[in-house]
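Beneath this line is the structure, given in structure tokens, with notes to follow.
The values are calculated or read from the model by the stated rules, or taken from the named source; none is laboratory data. These numbers come from a predicted model, not from an experiment. Note that each Cβ is placed from the backbone with ideal geometry, even for glycine, and that neighbours are counted across all protein chains shown. Side chains are part of the model used for accessible areas, which takes the heavy atoms of the whole protein and leaves out ligands, DNA and RNA. Shrake-Rupley method; radii C 1.70, N 1.55, O 1.52, S 1.80 Å.
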Amino acid sequence: MEVKYMEEKETRKTELKISGMSCATCAVSIENSLSHLEGVHLAKVNLGTETAIVEYEPEKVDLSGMREAVKSAGYEVINDAVTLKIGGMTCASCVRTIENSVRKLEGVADVSVNLAAEKAFITFNPKMTGVSEIKKAVEDAGYEALGVEGEDDDMEKSMREKDLKKKLNRIIIGFAVGVPMMFLPYMGIPFPVPVSYILLVISLPVFVYLSQPIFSAAYHSLINRNLSMDVMYSMGIGVAFVASILGTFQIVLSREFLFYDTAILLAAFLMMGRYLEARAKGKTSEAIKKLMGLQPKTAIVIRDGKEMELPIEDVVIGDSIVVKPGERIPVDGGVEDGESYVNEAMITGEPVPVLKKSGDDVIGGTINTNSVLKFRAAKVGKDTVLARIIKLVEEAQGSKPPVQRIADKAVVYFIPAVLGIAIFSFLGWYFIAGNTLLFSLTALISVLVIACPCALGLATPTAVTVGVGRGAELGILIKSGDALEISEKITTVIFDKTGTLTEGKPDVVNIISYGISEEELLALAAGIEKNSEHPLGKAVMKKAEEDGIKAAEVKEFNALSGKGVIGRIGEKEIVVGNRMLFKERGLKYPEEVDKDIVKLEKEGKTVIMVATDGRVSGLIAIADRIKKSAMNTVKELNRMGIKVAMITGDNRRTAEAVARQLGIDHVMAEVLPEDKSNNVKKLQAEGEIVAFVGDGINDAPALAQADVGIAVGSGTDIAMESGDIVLMKDELTDVVVGIELGRKVMARIKQNLFWAFAYNTALIPVAAGLLYPIYGITFRPEFAGLAMAMSSVTVVSFSLLLKRYVPSIKKNGGGA
């Protein structure tokens with residue numbers, strides 16, 4: 001939609017797409033919320049088109065403010081998101097320049113630039129701006145917009161290779177000319193003209209060639225009112241070269257001031273640093289590139305009875321697809337014919353191939369190993385598990401953990417402070433200490449070129465990018481930088497029992513009847529549970545089918561969450577449920593029944609009680625096997641100093657029996673699904689940092705309430721939406737791996753930040769000449785340039801070590 005300017009009021013009009021509205025009251029609620037914002041003149045919501053037209057003053061309110069107002073009313077603004085590949089970034093100041101330039105666009109809700117991944121993650125209102133405008137804003141800021149992620153990948157690769165080649169050429173020429181120039185004045189070669197003229201002629205074209213990209217970047221930074229690393233470096237090499245020219249022609253300065261070799265070597269060292277950094281940064285995103293490489297380009301589809309090879313983009317839901325041995329499965333779907341082992345390691349991290357037969361689901365990007373499979377496409381394009389994993393990993397790599405704010409704040413003040421120190425060192429040495437102009441100028445140049453905000457800017461994003469990528473390789477999806485940072489502080493992990501600590505496949509193990517036969521009891525219970533989706537209800541149905549017992553016909557059916565089911569069979573009211581339901585309905589039972597219940601519960605079994613017309617007819621005991629990896633997981637968490645708790649809707653005796661087997665001390669039993677999040681809140685109120693581990697099916701509120709929600713779901717949609725950390729395998733030891741990885745990444749970020757701060761804190765004073773009066777130590781500008789170049793390379797290299805991370809629980813042979 002076109003943004004209209006109302007000159008007399010200085011207002012603009014925009015259209016917001018809104019989700020979650022269901023009635024006219026919703027529209028009124030959103031209108032009220034938007035109208036209360038300062039600067040909003042008019043807010044009109046159309047329920048039919050699910051849009052809001054807002055007239056506002058841009059000086060007083062922006063899109064993010066409107067989005068928050070809609071969110072506070074309980075609804076969501078639907079924006080578009082794009083990941084843009086960026087070229088030409090060199091330091092943390094570049095990140096700020098691009099973010100500020102894009103943020104100025106009307107309609108941009110959020111922008112986050114990742115220096116390490118060289119990408120910008122932008123959320124925007126498509127009615128107000130578009131990708132072409134965003135690209136233009138990036139280019140106007142002096143950087144390259146290399147295209148949208150997932151598009152033009154070949155072009156991006158060739159441009160990056162071309163850029164690396166240019167840098168390498170500049171490095172070779174810089175050192176080939178700069179090093180001999182250092183020694184030329186001392187070689188005693190008789191020249192017909194002063195050697196300074198020879199140096200000028202040799203160095204001028206080389207200096208222009210080497211420094212052109214540095215001065216160009218500095219110019220764009222200055223026109224965007226931003227002090228960047230390139231501005232400082234341009235000042236350093238510019239002062240060195242101009243001083244050399246003045247010295248050559250003895251204008252103000254003498255021929256002592258010949259820094260030609262220094263200027264060239266400084267530019268060469270900067271190029272070398274950026275070349276090594278660009279190569280190292282390329283490796284930080286290898287995990288996401290590997291994931292993208294898993295996507296097949298074509299699929300063999302059966303249409304009109306014929307097999308045909310089609311581009312993957314042309315595959316639609318419902319297509320019948322054939323996959324031969326050794327080929328990748330192109331999209332998600334369900335097997336219709338054939339039987340084969342499929343290697344899912346690239347998605348779940350599980351090395352052992354899984355047998356797939358008719359009725360089983362297959363995931364796009366996995367490899368069919370030994371036989372032909374025919375399956376029906378269920379999810380294609382951006383809806384496949386692989387596409388969603390790639391999206392989640394990209395978003396996580398683009399997110400900034402709170403610790404990044406330290407570096408962001410430091411960078412804002414860093415360059416002005418360094419410029420101040422450089423000028424002060426020059427003035428101090430020359431005017432106060434009475435030192436030579438040559439010494440003072442050398443100190444000025446050294447300070448300008450040694451300071452490095454790049455290391456600060458790369459400290460966090462490189463570690464996050466590599467850490468999140470390594471997590472994806474291990475089958476652990478970390479969805480945000482915040483989750484990484486909080487993982488380090490977790491004090492308590494709460495596990496949901498059914499389906500998380502246990503297999504989630506309960507079986508009937510005991511049937512005790514009172515006054516009726518066991519067959520009749522099972523027929524009644526199966527009849528009532530027939531329409532239930534609860535795992536316990538399914539266990540009863542499974543037992544009835546196995547024993548060949550037909551479920552009784554039910555007239556009425558009422559499921560009570562976390563308690564049981566009530567229904568009518570014939571003229572009788574049948575109640576099937578737990579103690580809570582029986583107590584609620586005032587159903588009493590004899591002492592002998594209570595003794596039977598207690599005995600079964602002490603054995604760790606869940607007891608379902610069945611009553612006919614108010615009288616207990618029998619008990620059905622159900623057991624759910626504990627997962628093999630559960631005990632080892634609890635043990636490892638305790639070893640890490642983390643408390644472990646279990647939450648369940650089961651009665652206390654059964655819950656405590658399971659907890660005893662696992663070594664869990666804290667048990668929350670008889671908790672209804674809707675109350676799980678309240679139990680999380682209680683622990684948080686006591687000062688605990690809580691991680692909640694569940695399958696996301698009936699515990700989504702608890703996963704959301706926890707400081708970190710860990711969803712165990714084998715890549716199910718629900719799990720991927722619910723958790724902050726998603727475990728692709730149904731493997732509990734990955735809870736330990738996820739937390740440990742978070743700790744490793746945060747430790748590496750802190751190490752990087754320490755190195756970056758320590759480097760600048762230690763070397764800037766040395767470059768300024770602080771040690772000269774005591775030890776006579778000074779920094780030659782070219783060595784200062786080398787130190788600067790290597791500092792950012794060191795930080796990236798530290799982060800790359802995370803690629804080698806092997807979880808301790810796997811080293812020790814843990815896991816199932």
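From (1) part of a helix (DSSP H, G or I); (2) in contact with a Lys or Arg (Cβ under 8 Å, 6 or more places away or on another chain); (3) modelled with pLDDT of 90 or more, pick out the condition that doesn't hold for residue 493.
Evaluating residue 493 over (1) part of a helix (DSSP H, G or I); (2) in contact with a Lys or Arg (Cβ under 8 Å, 6 or more places away or on another chain); (3) modelled with pLDDT of 90 or more leaves (1) as the failure.
I'm checking my understanding of the structure. Among residues of segment 74-107 that are part of a strand (DSSP E or B) and among the small types (Gly, Ala, Ser), which one is farthest from residue 126 (Cα to Cα)? Spell out the reasoning first.
In the first step, residues of segment 74-107 are kept if they are part of a strand (DSSP E or B); the result is 76-77, 80-87.
From what is left, the residues that are among the small types (Gly, Ala, Ser) are 81, 87.
Numbers: 81: 9, 87: 24 Å.
Selected residue: 87.
Residue 253 fails exactly one of the following numbered conditions: (1) more than 22 Å from residue 382 (Cβ to Cβ); (2) in contact with a Pro (Cβ under 9 Å, 6 or more places away or on another chain). What is the number of that condition?
It fails just one condition, (2).
Pick from segment 765-786 the residues that are of a type in the set (Ser, Thr, Tyr) and part of a helix (DSSP H, G or I): which of them is least open to solvent (accessible area, probe 1.4 Å)? It would help to see each step written out before you state the result.
Restricting attention to segment 765-786, the residues satisfying the condition of being of a type in the set (Ser, Thr, Tyr) are 772, 775, 778.
Right, trim to part of a helix (DSSP H, G or I) and you get 772, 775.
Values: 772: 85, 775: 155 Å².
Only one residue tops the list, namely 772.
Right, residue 472: among the hydrophobic types (A, V, I, L, M, F, W, C) and without any contact (Cβ under 8 Å) to a residue 60 or more places away in the chain or not?
On the way: among the hydrophobic types (A, V, I, L, M, F, W, C): yes; without any contact (Cβ under 8 Å) to a residue 60 or more places away in the chain: no.
No; evaluated as a whole, the condition is false for this residue.
Return only the number of the condition from (1) more than 22 Å from residue 658 (Cα to Cα); (2) outside any loop (DSSP other than H, G, I, E, B); (3) modelled with pLDDT under 90; (4) of a type in the set (Gly, Ala, Ser) that residue 552 does not satisfy.
With (1) more than 22 Å from residue 658 (Cα to Cα); (2) outside any loop (DSSP other than H, G, I, E, B); (3) modelled with pLDDT under 90; (4) of a type in the set (Gly, Ala, Ser) applied to residue 552, the lone miss is (2).
Answer with yes or no whether residue 593 is more than 45 Å from the chain's Cα centre (by Cα) and open to solvent by less than 30 Å² (accessible area, probe 1.4 Å). Spell out the reasoning first.
Working: more than 45 Å from the chain's Cα centre (by Cα): yes; open to solvent by less than 30 Å² (accessible area, probe 1.4 Å): yes.
Yes; evaluated as a whole, the condition is true for this residue.
Being open to solvent by less than 40 Å² (accessible area, probe 1.4 Å) and either in a loop (DSSP other than H, G, I, E, B) or in contact with a Gly (Cβ under 8 Å, 6 or more places away or on another chain) (or both) is the filter; apply it to segment 192-210 and report the residue that is nearest to residue 94 (Cα to Cα).
The selected residue is 210.
Can you say whether residue 587 is within 26 Å of residue 499 (Cα to Cα) and not in a strand (DSSP E or B), as far as the supplied structure shows? Steps first, answer last, please.
Details: within 26 Å of residue 499 (Cα to Cα): no; not in a strand (DSSP E or B): yes.
Criteria not met by residue 587.
Is one or more of the residues making up segment 101-115 in contact with a Ser or Thr (Cβ under 6 Å, 6 or more places away or on another chain) and open to solvent by 60 Å² or more (accessible area, probe 1.4 Å)?
There is at least one residue in segment 101-115 that is in contact with a Ser or Thr (Cβ under 6 Å, 6 or more places away or on another chain) and open to solvent by 60 Å² or more (accessible area, probe 1.4 Å).
Going through 656, 674 one at a time, which residue ends up being open to solvent by 20 Å² or more (accessible area, probe 1.4 Å) and closer than 20 Å to residue 492 by Cα?
Testing whether each residue is open to solvent by 20 Å² or more (accessible area, probe 1.4 Å) and closer than 20 Å to residue 492 by Cα leaves just 656.
Within segment 787-816, can you find the residues that are surrounded by 14 or more Cβ atoms within 10 Å (Cβ to Cβ) and assigned to a loop (DSSP other than H, G, I, E, B)?
Quick first cut of segment 787-816, residues surrounded by 14 or more Cβ atoms within 10 Å (Cβ to Cβ) only: 787-800, 802-803, 805, 807-810, 814-815.
Across segment 787-816, the qualifying residues are 805, 807, 814, 815.
Quick check on my filter: what residues within segment 246-288 are open to solvent by 50 Å² or more (accessible area, probe 1.4 Å), without any contact (Cβ under 8 Å) to a residue 24 or more places away in the chain and part of a loop (DSSP other than H, G, I, E, B)?
Within segment 246-288, 249, 250, 251, 252 qualify.
Please go through segment 414-465 and give me each residue that is polar (S, T, N, Q) and in contact with a Pro (Cβ under 8 Å, 6 or more places away or on another chain), ordered by number.
Selection gives 442, 446, 460.
Are any residues in segment 517-540 over 40 Å from the mean Cα position of the chain (by Cα), crowded, with 18+ Cβ neighbours inside 10 Å and either in a helix (DSSP H, G or I) or acidic (Asp, Glu) (or both), and if so, which ones?
Of the residues in segment 517-540, the ones over 40 Å from the mean Cα position of the chain (by Cα) are 517-530, 540.
Those still in the list that are crowded, with 18+ Cβ neighbours inside 10 Å too: 521-530, 540.
Once the filter is applied, which keeps residues that are over 40 Å from the mean Cα position of the chain (by Cα), crowded, with 18+ Cβ neighbours inside 10 Å and either in a helix (DSSP H, G or I) or acidic (Asp, Glu) (or both), segment 517-540 yields 521, 522, 523, 524, 525, 526, 527, 528, 529, 540.
If a residue must be open to solvent by 10 Å² or more (accessible area, probe 1.4 Å), over 18 Å from residue 457 (Cα atoms) and touching a strand residue (DSSP E or B) at 6+ places or on another chain (Cβ under 9 Å), how many such residues does segment 71-100 contain?
Total meeting the criteria: 10.
Kindly indicate the residue of segment 26-50 that is in a loop (DSSP other than H, G, I, E, B) and open to solvent by 60 Å² or more (accessible area, probe 1.4 Å) and also farthest from residue 75 (Cα to Cα) among those meeting that condition. Lay out the reasoning, then the answer.
First, pick out the residues of segment 26-50 that are in a loop (DSSP other than H, G, I, E, B): 36-39, 47-50.
In the following step, the residues that additionally are open to solvent by 60 Å² or more (accessible area, probe 1.4 Å) were identified as 36, 38, 47-50.
Details: 36: 16, 38: 20, 47: 13, 48: 15, 49: 15, 50: 11 Å.
So, considering only residues that are in a loop (DSSP other than H, G, I, E, B) and open to solvent by 60 Å² or more (accessible area, probe 1.4 Å), the one farthest from residue 75 (Cα to Cα) is 38.
List every residue pair whose Cβ atoms sit under 8 Å apart, with the two residues 6 or more apart in sequence or on different chains, where the first one lies in segment 525-546 and is in contact (Cβ under 8 Å) with a residue 40 or more places away in the chain and the second, anywhere, is of a type outside the set (A, V, I, L, M, F, W, C) and part of a helix (DSSP H, G or I).
529/537; 529/538; 535/498; 535/499; 536/529; 540/529
Among (1) more than 30 Å from residue 212 (Cβ to Cβ); (2) touching a Gly at 6+ places or on another chain (Cβ under 6 Å), where does residue 74 come up short?
(2)
Say whether the condition of being surrounded by fewer than 18 Cβ atoms within 10 Å (Cβ to Cβ), over 30 Å from residue 289 (Cα atoms) and of a type in the set (D, E, K, R) is met by at least one residue in segment 479-501. Explain how you work it out, then say what you get.
Quick first cut of segment 479-501, residues surrounded by fewer than 18 Cβ atoms within 10 Å (Cβ to Cβ) only: 482, 489, 491.
Right, trim to over 30 Å from residue 289 (Cα atoms) and you get 489, 491.
With the extra rule that they be of a type in the set (D, E, K, R), the set shrinks to 489.
Yes - at least one qualifying residue is present in segment 479-501.
Can you pull out every residue in segment 51-60 that is open to solvent by less than 60 Å² (accessible area, probe 1.4 Å) and of a type outside the set (A, V, I, L, M, F, W, C)? Explain how you work it out, then say what you get.
Taking segment 51-60 first, the residues open to solvent by less than 60 Å² (accessible area, probe 1.4 Å) are 51-58.
Within segment 51-60, 51, 55, 56, 57, 58 meet the criteria.
Only one of 178, 130 is out of contact with any helix residue (DSSP H, G or I) (no Cβ under 9 Å at 6 or more places or on another chain) and open to solvent by less than 30 Å² (accessible area, probe 1.4 Å). Can you tell me which? Show your work before the answer.
Numbers: 178 fails: out of contact with any helix residue (DSSP H, G or I) (no Cβ under 9 Å at 6 or more places or on another chain).
Answer to the selection: 130.
From (1) open to solvent by 50 Å² or more (accessible area, probe 1.4 Å); (2) touching a residue at least 24 places away in the same chain (Cβ under 8 Å); (3) not hydroxyl-bearing (Ser, Thr, Tyr), pick out the condition that doesn't hold for residue 506.
Only one criterion is unmet by residue 506, namely (1).
Quick grid of which residues meet (1) more than 40 Å from the chain's Cα centre (by Cα); (2) closer than 24 Å to residue 797 by Cα; (3) part of a helix (DSSP H, G or I):
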site: 418; (1), (2), (3): no, no, yes
site: 424; (1), (2), (3): yes, no, yes
site: 428; (1), (2), (3): yes, no, yes
site: 435; (1), (2), (3): yes, no, no
site: 439; (1), (2), (3): yes, no, yes
site: 443; (1), (2), (3): yes, no, yes
site: 464; (1), (2), (3): no, yes, yes
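Among the residues of segment 7-28, which ones are modelled with pLDDT of 75 or more and of a type in the set (Ser, Thr, Tyr)?
Those that are modelled with pLDDT of 75 or more and of a type in the set (Ser, Thr, Tyr): 11, 14, 19.
Exactly one condition in (1) open to solvent by less than 70 Å² (accessible area, probe 1.4 Å); (2) within 28 Å of residue 228 (Cα to Cα); (3) in contact (Cβ under 8 Å) with a residue 60 or more places away in the chain is not met by residue 63; state its number.
Every condition holds for residue 63 apart from (2).
Every residue, every condition in (1) open to solvent by less than 20 Å² (accessible area, probe 1.4 Å); (2) more than 28 Å from residue 733 (Cβ to Cβ), yes or no:
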{"position": "323", "(1), (2)": "yes, yes"}
{"position": "332", "(1), (2)": "yes, no"}
{"position": "348", "(1), (2)": "yes, no"}
{"position": "354", "(1), (2)": "no, no"}
{"position": "358", "(1), (2)": "no, yes"}
{"position": "368", "(1), (2)": "yes, no"}
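Give the residue that is modelled with the lowest pLDDT, with candidates limited to residues of segment 555-584 that are more than 47 Å from the chain's Cα centre (by Cα) and part of a loop (DSSP other than H, G, I, E, B).
Filtering segment 555-584 for residues that are more than 47 Å from the chain's Cα centre (by Cα) and part of a loop (DSSP other than H, G, I, E, B), the one modelled with the lowest pLDDT comes out as 555.
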